[in-house]
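Below: the structure, in C-alpha cells.
Just so it is clear, none of the values below were taken in a lab; they were calculated from the coordinates. What you see is a predicted model, and the numbers here were worked out from it, not measured in a lab. Cβ coordinates were reconstructed from backbone atoms using ideal geometry, including for glycine residues, and neighbour counts include every protein chain displayed.
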Amino acid sequence: KKMGYDRAKRINKYWFQDNGSIDYSTVRSSDTDDFKKDIENIIGALEKQGMDRVIIVDLTREEIGIPVVRVIVPGLEVFAMDRERRGERVSNAQDHRLSRAEP
C-alpha cells in the first residue's frame with residue numbers, strides 16, 4: 001500500500017503539531033568523550049526499559065570508506081504508523097497515554 005505525503009501527515013498528525021519550541025542548548029546531553037561509553041550508556045538505558053537485546057550490524061563497504069552500521073532493538077517499534085503495521089508491543093500500549101519526553 002503506497003502512502004503519500006498527505007496520508008502520512010494525517011496518520012502522524014500528533015508529530016506534526018506545533019507545540020512550541022525549546023532552545024536546543026537547554027536539552028541535557030548524556031554524551032561523553034568516549035564513543036564506546038556512549039553506546040554502553042544507550043544500551044544501559046534500553047536495558048532499564050526491558051530491552052535485553054541490541055543487534056548491531058556493520059554495513060561498511062571498504063571501497064567507499066564510510067563507516068555504516070544498522071542497529072536493531074527487538075521489541076522497539078515506531079508508534080506513529082498505519083495500524084496494520086503495528087506489532088504486539090504497540091498494540092498492547094494503546095490503552096496507555098504515551099507523551100513526548102519533557103526537556
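Tabulated data
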read-out: Loop trypsin sites (Lys or Arg not before Pro), the stretch 16-49 (other Cβ atoms within 10 Å of the site Cβ: 15 or fewer; DSSP); value: R28
read-out: Estimated FRET transfer efficiency (R28, R61; beta-carbon r; R0 35 Å; 0.05); value: 0.45
read-out: Stretch gain in nm, segment R70-K9, where the contour uses 0.36 nm per residue and the Cα spacing is subtracted; value: 19.4 nm
read-out: Karplus-derived 3J(HN,Hα), 6.51/-1.76/1.60, for each residue of the stretch 27-35, Hz, glycine and proline x; value: 7, 5, 9, 10, 6, 10, 8, 10, 4
